[in-house]
Amino acid sequence: MELRGDDWEQLLAPDAGEEIFAFAARIFPICRSITGDGVRRTLREIEAHLPLEVHEVPTGTEVFDWTIPREWNIRDAYIKNGAGEKIVDFAQSNLHVMSYSLPVRKRVSLAELKDHVHTLPDQPDLIPYRTSYYADGWAFCMAHRQLQQLREDSYEVVIDSRLESGSLTYGEYLHKGETDEEFLFSAHVCHPSLANDNCSGMALLTHLARRMVGLQTRLSYRFLFAPGTIGAIAWLAANEAGSARRIRHGLVVSMVGDGGGPTYKKSRRGNEPIDRAMQHVLRQTGMATTIEDFSPYGYDERQYCSPGFNLPIGLFQRSKYATIPQYHTSGDNLAFIKAEHLSESYSEIVKTIGIIESDAVYYNTIPKCEPQLGKRGLYSRVGGKNIAVENMAMLWVLNLSDGDHSLLDIAERSKLPFEIVLRATRLLRGHGLLASGRPSVGPAGP
Amino acid sequence: MELRGDDWEQLLAPDAGEEIFAFAARIFPICRSITGDGVRRTLREIEAHLPLEVHEVPTGTEVFDWTIPREWNIRDAYIKNGAGEKIVDFAQSNLHVMSYSLPVRKRVSLAELKDHVHTLPDQPDLIPYRTSYYADGWAFCMAHRQLQQLREDSYEVVIDSRLESGSLTYGEYLHKGETDEEFLFSAHVCHPSLANDNCSGMALLTHLARRMVGLQTRLSYRFLFAPGTIGAIAWLAANEAGSARRIRHGLVVSMVGDGGGPTYKKSRRGNEPIDRAMQHVLRQTGMATTIEDFSPYGYDERQYCSPGFNLPIGLFQRSKYATIPQYHTSGDNLAFIKAEHLSESYSEIVKTIGIIESDAVYYNTIPKCEPQLGKRGLYSRVGGKNIAVENMAMLWVLNLSDGDHSLLDIAERSKLPFEIVLRATRLLRGHGLLASGRPSVGPAGP
Amino acid sequence: MELRGDDWEQLLAPDAGEEIFAFAARIFPICRSITGDGVRRTLREIEAHLPLEVHEVPTGTEVFDWTIPREWNIRDAYIKNGAGEKIVDFAQSNLHVMSYSLPVRKRVSLAELKDHVHTLPDQPDLIPYRTSYYADGWAFCMAHRQLQQLREDSYEVVIDSRLESGSLTYGEYLHKGETDEEFLFSAHVCHPSLANDNCSGMALLTHLARRMVGLQTRLSYRFLFAPGTIGAIAWLAANEAGSARRIRHGLVVSMVGDGGGPTYKKSRRGNEPIDRAMQHVLRQTGMATTIEDFSPYGYDERQYCSPGFNLPIGLFQRSKYATIPQYHTSGDNLAFIKAEHLSESYSEIVKTIGIIESDAVYYNTIPKCEPQLGKRGLYSRVGGKNIAVENMAMLWVLNLSDGDHSLLDIAERSKLPFEIVLRATRLLRGHGLLASGRPSVGPAGP
């Protein structure tokens, strides 16, 4: 294991949040669902930045226990009152229609209308986000306060949607590294106008992938933009014998634009390099970090971590899903995400990449007693009370570089930031005090 | 490992405490010791409910390092003052005589009397319980306040006891299950009128065994009613090459009628199924549970967990022995135990049986990605913010049923009650989503 | 493994602190450095008590990555002001001269003087201790308050030192035990007049070694008095294939006379017998014990625990180095150390020796059920509420003496002091209840 290149450091960009926000804002208005043109339009936006490979999986295709559903598209939808006024309009918010609603065009009483309306009584000003992918039906979503104000009337309800044979669409981009071993980044693309969940994740990964173009990395990085659940399942079905076998690390990325967290949910395996690296990075942030054990509910880590795959993939978020009032409501809009938080999230992910890229095992070439750092100009020559963190990092790296401890092991045991351990490692390598392979004269047994 | 029958569920009985209390009250007055007719009378009471196998081990029989002592019986005992008034009367409380007291009939001064009286100065109204099994002597026990009021006088002391060759008596009942593997329940029968310690334990096990008659269980259940220490040792000596080798789980049961605890003391091995099951059950109670590591002092787990046997047997109690003021005093009477607490104790033991009976390893038959629960009617079809505990249980069971995790493992990791995990398992089994053996197409390696 | 002799108990000496203090006071005034006559004089003082083997390693000798430096000696040093008054005088405190200062004799301005003066602005009344072993230069150390009062003047600075080819000196004493396995005690001898750091350590080890003369011990004990870092490295280089391979336990001993701590820093291995024994002893003290994980900064454990040696050697101190205001200042004088604290430190070290000497694995000769302690007079015959600690110790030793648990294991698991476990072990051995080897009839499997 050689000391790796540091090309990944070029990914660091303290102000990345501005660009990420701009792209999130650009794709925010599109009405996405698990299939249909909303997803295709979104992927085309990503393609403007990346040579994306876009896949279409036909309706009816069997993917493990699942079947690709009919494709859903919607042109317009509204509710008009007896006076002909549009009181609910899809053009104003695509959350107003339950995703996968069947087409409808009729007049209904208030009572019948209420049977087809979802609201949030506890959050009466917000429109809920609802879906009904695998059951037939139609419904509107609206603010509870508005529903309460509706009077007995004859309402015209129109949903101009189509649910018909078509395909499911997903896109992927592979950044080739020195090895075929892959790091998978996965974002769901199936939600309509929800800014944090998951315009933020799509935008962050698009930005990351674009910055990676042209860089030399050790690992290959795959970026998957796919509808939640069925998209991840379709990808796994298509790549079971291929890419899925080459995945060594991975992150599901969603809700990365709000100011909560950061939150990391470990992979099912629980102590893989991605788990350790992500925890190490988050603990250095000084923010209100939450580290959660794996559980089988959440985003697409559910599929990646199913027992037949059991991939080392965790979930990175700011606030945890379903724990904040904006979750799955119209409150998750562009005002809810901030460039500042997107920058932080981006930075934490890049630092995690840095650990995964750089972690390696070295051998102290002078394992018996300490090397004399002073004569190499590596060490303060006048003794004093304090020893700098940088000196401690050198001592730790030398002491633990016995072939059994990687740099991440050393960072964990020393409680020093990985980047300081890495800097000390480079310095010691430069002076010949660390080797990649076991020195020919081994340590003496005690 | 097939999904086991659920006959054990018929043991559940929320109001079992009433019957248990009644039986405890019935055997409470009997003057028991480690040998003698008190034990025999007690076992005959149990025999009224169970086809008990009663053993007599003759005085002088060597059992490991011990020898069966002479048999002790007592007809009457009292202290009369100079006026001929009985001031202490065995007929009123059999605690008044130190167990294994030699016969005595003489007049003594107050000073000599005091040399033969045990009291509790810190609990001046209670009679202590004292024994002297392996040393010759005689003594009375009385309330300290009464002793202090005694004046100089000529006292007549009479203990009409016999200590002579005979035998030690114990009883056992075996409920045969599908396998010869045994679950041992053990209660000591040697204490006189102490309601909690251990009329409660004897009564609870009698009730449990009686309810088990006719049920089909996977394990065989052995109920042992034996005098403390020497009885357990005699049983182990007799069954060293037999039943003792077939014990896979066990509980010593004592002091199960008071409102303290519950308290579980782990087996010497410390992490056996009985230890994990009991802890799981107790943590679900919401009561002031105490889990203790094994220590070599206590009840007959001392013998079962001696290094030459090292059986997976723990101790179940409510209050821990020797931690409450009533312990080994006349305060441990029928007013101290309650049907309500006996019901709770019974229920916790039955739930533990349920875990041991039901725990098994299954295989998810669709291990790659999640099975589609919705199309099987197993899952809420309209997405929302919350997912019910029952749904989570299904997801956990599917995710962890990879052949490496038993249902108890899953309950522990998911922090869900075992019974909910079991219910989900049955539902998934019913839909063919779990198999007992490894599916022929194994999971893909990552 | 036989029950070992208890000669080590003769080391116990509650008032050892008086003698240790007296010796520390005797060697306190000597001006030591890493080479030179100060070290030789100190070793001669130790030789008055012990047949010390003194080694001289010539300047220029290569020891691993290091080279033995020139020898430094100093006769006198002072600063005189323009009026000819000595304002700083080496004869008053040898801390006034930076160790390894080159000779100098000239007149300097106040500005130039300040370039060659070390002070402690935060502790303005104390003289700092400074060294410059491997870089040429000269400097004085003084109280900051004094420096601030100096006026513009012409100062005469004189350091009458020599830095020339010579040798590095260290001493060692080996107490031969029954086996060649060694316990290394190591104290640095290179600091000038610092009472706690490390006159206290040298004096404690001298006292311990002297008391050990004539005692029969299982292990051999090596006492090393060597200059910090370079001395330990020189010893390791000379003994790499010999003594260093026989070390099974070790302690670096420094700063053992103040009232802080005690502090134990574990060996790099972290769970060796020395680590467990030391922790066990310290936890029994009832003092403000600190147990620290290994880190590669500190005293000579840095060398012993370098990856090429990785010896099971920890560091014993009272206050941890660099955590108290007196550290490396003139405040570390004879008033700072107390006989009382030296007694405590000595006692903790001797108790640790006792554990290492006595720890062994025994077999309960009656492993099935408990042996009847009563018939052997080992146990209270009348049952009662409480059982003494001594009884518990017997029960624990019997229960865990299955060939898998040593006495230290038993002490740790039972949370009983090792000495009580050891006393119970001796009692049980005396009654034939414990054997050193596995009994011919093994325990029955369950």
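The values are calculated or read from the model by the stated rules, or taken from the named source; none is laboratory data. This one's a predicted model, so the numbers in the text were calculated from it and none came from an experiment. For neighbour counting, all protein chains shown are included, and Cβ atoms are generated from backbone atoms with ideal geometry for every residue, glycine included. Areas reflect the complete protein model, heavy atoms only, side chains present, ligands, DNA and RNA absent. Shrake-Rupley method; radii C 1.70, N 1.55, O 1.52, S 1.80 Å.
If the viscosity is 1.567 mPa s and the temperature 4 °C, what translational diffusion coefficient in µm²/s does Stokes-Einstein give for segment B:334-425 when Rh comes from Kirkwood over Cα pairs?
Estimated via Stokes-Einstein, D reaches 86 µm²/s.
Restricting to segment B:62-193, compute how many DSSP beta bridges are antiparallel as a %, nearest 5.
That works out to approximately 85 percent antiparallel.
Taking amide H positions as placed in the peptide plane 1.01 Å from N, state which residues far from A:His191 in sequence (5 or more) or on other chains have amide H under 5 Å from it.
A:Asn198
Over all residues in A:397-410, what is the mean tally of Cβ atoms on other chains that come within 10 Å of each residue's Cβ?
The mean count of partner-chain Cβ atoms within 10 Å per residue comes to 2.
Going 7 Å from the Cα of C:Glu164 along its beta-carbon direction, which residues of segment C:100-119 have the amide nitrogen within less than 17 Å of the resulting point?
So the set is C:100-105.
Using a Förster distance of 35 angstrom, determine the FRET efficiency expected from the C-beta separation of B:Thr61 and B:Arg26, and round it to 0.05.
Efficiency at R0 = 35 Å is approximately 0.70.
If you average the sequence gap of Cα pairs under 8 Å that are 6 or more apart and divide by the length of segment A:47-162, what percent do you get for the contact order?
Once divided by the residue count of segment A:47-162, the mean separation gives 33 percent.
Tilt of helix B:273-284 relative to the longest C-alpha principal axis of chain B, in degrees (0 to 90, nearest 10)?
That works out to roughly 90 degrees.
When DSSP assigns beta bridges and you keep just the ones with both residues in chain C, what percent turn out antiparallel, to the nearest 5?
Rounded to the nearest five, the antiparallel share is 65 percent.
Just how many % of Cα pairs in segment B:32-142 lie over 19 Å apart, if you round to the nearest whole percent?
The share of Cα pairs beyond 19 Å in segment B:32-142 comes to 55 percent.
Do you know the relative contact order of chain A, to the nearest whole percent, from alpha carbon pairs under 8 angstrom that are 6+ apart?
Worked out over chain A, it gives 18 percent.
Tell me which trypsin sites (Lys or Arg not before Pro) from segment C:127-181 have a DSSP coil assignment and no more than 14 other beta carbons within 10 Å of their own.
C:Arg151, C:Lys176
Note down the Stokes-Einstein diffusion coefficient of segment A:312-374 in µm²/s, whole number, using a Kirkwood radius over alpha carbon pairs, 10 °C, and 1.306 mPa s.
Taking Rh from Cα pairs, D becomes 99 µm²/s.
Normalise the Debye intensity by I(0) for segment B:93-235, one equal point scatterer per Cα, no solvent, then take log10 at q = 0.10, 0.15, 0.21 Å⁻¹ and round to two decimals.
-0.50, -0.85, -1.26
Given the protein chains as shown and a 1.4 Å probe, how many square angstrom of A:Tyr173 are accessible, to the nearest 10?
Around 20 Å² of this residue is reachable by solvent.
Near the axis that takes chain A to chain B, which A residue has its beta carbon closest, and at how many Å?
Residue plus distance in Å, as requested: A:Asn271, 12.
At 7 Å along Cα-to-Cβ for each site, give me the label-to-label distance between C:Arg269 and C:Arg245 in nm.
For the pair C:Arg269/C:Arg245, the computed spacing is 1.6 nm.
Can you give the alpha-carbon Rg of the protein assembly as shown over 2.2 N^0.38 Å, where N counts its residues?
1.18
Using the crude model of +1 on Lys and Arg Cβ and -1 on Asp and Glu Cβ, and no other charge, please compute the dipole size for chain B relative to its Cα centre, in debye to 20.
1020
For the pairing of chain A with chain C, what total accessible surface becomes buried, with a 1.4 angstrom probe, in square angstrom to the nearest 100?
2800
At 7 Å along Cα-to-Cβ for each site, give me the label-to-label distance between C:Gln216 and B:Leu215 in nm.
6.4
Of all accessible surface on chain A at a 1.4 Å probe, what whole percent is carbon and sulfur?
Ligands and nucleic acids excluded, carbon and sulfur reach 47 percent.
With +1 on each Lys and Arg Cβ and -1 on each Asp and Glu Cβ, and nothing else charged, work out how big the dipole of the protein assembly as shown is about its Cα centre, in Debye to the nearest 20.
Taking the Cα centre of the protein assembly as shown as origin, the dipole is about 40 debye.
Beyond 29 Å, what share of the Cα-Cα pairs of chain C remains, rounded to the nearest whole percent?
53
From the alpha carbon gyration tensor of segment B:118-198, can you work out the equivalent ellipsoid semi-axes (sqrt of 5 times each eigenvalue) and give them in Å, largest to smallest?
Semi-axis lengths for segment B:118-198 are 39, 18, 9 Å.
Taking each residue of C:297-305 in turn, how many C-beta atoms of other protein chains fall within 10 Å of its C-beta, and what is the average?
2
If you project the alpha carbons of segment A:260-306 onto the principal axes, what extent comes out on each, in Å, largest first?
Sorted largest first, the three principal extents are 32, 23, 13 Å.
How tilted is helix B:389-400 with respect to the longest principal axis of chain B? Cα atoms for both, answer in degrees (0 to 90, nearest 10).
It works out to around 80 degrees.
Identify the GluC sites (Glu not before Pro) of segment B:136-202 meeting these criteria: DSSP loop state and at most 16 other C-beta atoms within 10 Å of the C-beta.
B:Glu152, B:Glu178, B:Glu181
Not counting ligands, DNA or RNA, and with a 1.4 Å probe, what is B:Asp359's accessible surface area in Å² rounded to the nearest 10?
40
Working from Cα positions, state the angle (0 to 90°, nearest 10) between the long axis of helix B:230-239 and the longest principal axis of chain B.
It is inclined by approximately 50 degrees.
Just to be sure I understand: if I project the alpha-carbon convex hull of segment B:108-156 onto a plane and average over all orientations, what area do I get in nm²?
With every direction weighted equally, the projected area is 3.7 nm².
Calculate the spin-label point distance for A:Asp122 paired with A:Glu53, positioning each point 7 Å from the Cα along the beta-carbon direction, and give it in nanometres.
If labels sit at A:Glu53 and A:Asp122, their model points lie 4.4 nm apart.
Expected output is a single nm value to one decimal: the length gained when fully extending between A:Arg151 and A:Arg376, i.e. 0.36 nm times separation in residues minus the C-alpha distance. What is it?
The A:Arg151-A:Arg376 span can extend by a further 72.4 nm.
Given B:Trp66, B:Leu110, B:Leu95, which one lies farthest toward the positive end of the charge dipole of segment B:62-142, if we put +1 on the Cβ of every Lys and Arg and -1 on the Cβ of every Asp and Glu?
B:Leu110
Do the sum for chain A: with -39,500 (n - 2.57) for every DSSP H run of n ≥ 4, divided by all residues, what is the mean residue ellipticity at 222 nm, to the nearest 500 deg cm²/dmol?
-8500 deg cm²/dmol
Please compute the per residue accessible area over segment A:96-173 with all protein chains in place, 1.4 Å probe, rounded to a whole number of Å².
So segment A:96-173 comes to 44 Å² accessible per residue, rounded to a whole number.
For segment C:83-166, what is the convex hull volume of the alpha-carbon atoms per residue, in Å³?
For segment C:83-166, the hull spanned by Cα atoms encloses 102 Å³ per residue.
Could you check how many percent of all C-alpha pairs in segment A:197-317 are farther apart than 18 Å?
Considering segment A:197-317, 54 percent of its Cα-Cα pairs are separated by more than 18 Å.
What FRET efficiency comes out for the pair A:Asp115/A:Ala335, r = Cβ-Cβ distance, R0 = 35 Å, nearest 0.05?
0.60
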